[in-house]
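Right, one structure below, let's go through it.
What follows draws every value from the coordinates through simple rules; no lab data is involved. The model shown is predicted, which means the values in this text are computed figures rather than measured ones. So basically every Cβ, Gly included, is an ideal-geometry build from the backbone, and we count neighbours across all protein chains shown.
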Amino acid sequence: MTDKKPGFFQRLFGSEAALQIPVATPGPEEMLPETVAPAQTPDAIVPLPEPVAAPEPSSGPEHVPLPGPPETTPEYVVALEMQAHDGARALAETAPIAPAEPRGWFARLASGLKRSSDQLTSSISAVFTKRKLDDATLEELENVLIQADLGIETATSIIDTLRRDRFDRDVSDEDVRAVLVAEIEKVLGPVARPLEIDASQKPFIILMIGVNGSGKTTTIGKLAQKFVNEGKSVMLAAGDTFRAAAIEQLQIWGDRTGATVISRPAGSDVSGLAFDAVTQACAEGRDVLIIDTAGRLQNRDELMNELEKVIRVINKVDPGAPHATLLTLDATTGQNALKQVEVFSQRAGVTGLVMTKLDGTARGGILVAIARKFGLLVHFIGVGEDVGDLEAFTAADFAQAIAGRD
Ligand SMILES: Nc1nc2c(ncn2[C@@H]2O[C@H](COP(=O)(O)OP(=O)(O)O)[C@@H](O)[C@H]2O)c(=O)[nH]1
Ligand SMILES: [Mg+2]
């Protein structure tokens, strides 16, 4: 549990900026189905910053602009489909981030996970109000745990433990929660690992991947701030070249955090941009380069091919890179996240996970199911849109928070 320093927001944006910044609102409901906040209004959008001078065109082999009128290329057909899915969030993406409340991370985590914990604990309480533990109760509890997306294996483990230790005895919901916490911690403990930036890799290259709207760009902004705070020299590459709004969104994060952003006009080839970014970051001796990518559904083969190509190009310039390939998962997507992890891991060699939007769902238990099935490292979780709403993931805190314990 880390305490957030008071006044952080003012230091980041300046006190005047803090006063002028309107309150950010979450994206449209179709992407955050359980979020109830109103959609972004155009009034809340800050003026776009002056574009930074684009670096010289690539000398790399892969830097080829998309041919023909964009609307006719398959990439753009897919991009347009994605935009339709994206809806008004293209606007929301350029919105500023609301100031964080100066409270401790655990409090923010607990309130972020409140929907998940409320759902779990109220269901558990409903099952166990001073009842003897019998088969019927255990079955009811198993259903509750499965509905909370914890996964069948974890649900079964919890049930087995209770059956072994408490069968035919009085149990309270608190007893059950204690078993729940222990089991979740057991599953998450081995995968909860901070993202280590290997200082011998200059730059340490992070590739951010995931489906559309999963929180890649926002997470990059949050990470950039964290690294800048650590005194690192950070470069961001606007690899979501499908949409101008996505490039602008990253640029705004660059302006806020002081990280340099390298970008190309919308429609440019992402591999070419990646090539340039790695080359430039190497030449400038940057500590960290984070490469954004366009969202892609895992069942879009052509887009997964494109991702493989990006990785090949990065690897050509810097063998061993990307040093971290982070998959962002939107917790509100529930079970589909399992499929995303499977396919992205196969195609892109995911090295770690970031789960976002845990504040917008009652289905936070999905992280436990994913950890159990894949054993992939979980580096960070996001519990809000604010720059401070990303924190290194710890199993104990998560388990306590999701079980509704203080
Ligand atoms: N509530 C909440 N919203 C988030 C979180 N992370 C990202 N978002 C929002 O989700 C939306 C999509 O995020 P974005 O970073 O643009 O997704 P991308 O398409 O993967 O780059 C934006 O409105 C973000 O502000 C989070 O942890 N909690
Ligand atoms: Mg993005």
Subject >> Distance violations [Cα-Cα > 25 Å] among LYS114/LYS222; LYS132/LYS373; LYS202/LYS309 >> reply: LYS132/LYS373
**OP:** Report the full-extension gain for the segment GLU284 to LYS316: residue separation times 0.36 nm, less the Cα-Cα distance, to one decimal in nm.
**Re:** 9.7 nm
**OP:** Starting from the Cα-Cα distance between THR156 and ASP301, subtract it from 0.36 nm times their residue separation and give me the gain in nm to one decimal.
**Re:** 48.7 nm
Original post:
Arranged by the count of other C-beta atoms within 10 angstrom, fewest first, what order do MET304, MET235 take?
Top reply: MET304, MET235
**OP:** Please sort 242-251, 292-301, 155-164 by packing, taking for each peptide the average over its residues of neighbouring beta carbons within 10 angstrom, highest first.
**Re:** 242-251, 292-301, 155-164
Subject >> Full-extension gain in nm, GLN147 to GLN201, via 0.36 nm per residue minus C-alpha separation >> reply: 15.1 nm
Original post:
How many angstrom lie between the C-alpha centres of the range 237-258 and the range 151-203?
Top reply: 38
Subject >> Spin-label model distance (nm) - GLU230 vs PHE167, 7 Å beyond Cα toward Cβ >> reply: 4.9
**OP:** Considering the options ALA324, THR356, LEU307, tell which one lies farthest towards the positive end of the dipole of the range 252-406, charges being +1 on Lys and Arg and -1 on Asp and Glu at the Cβ, about the Cα centre.
**Re:** LEU307
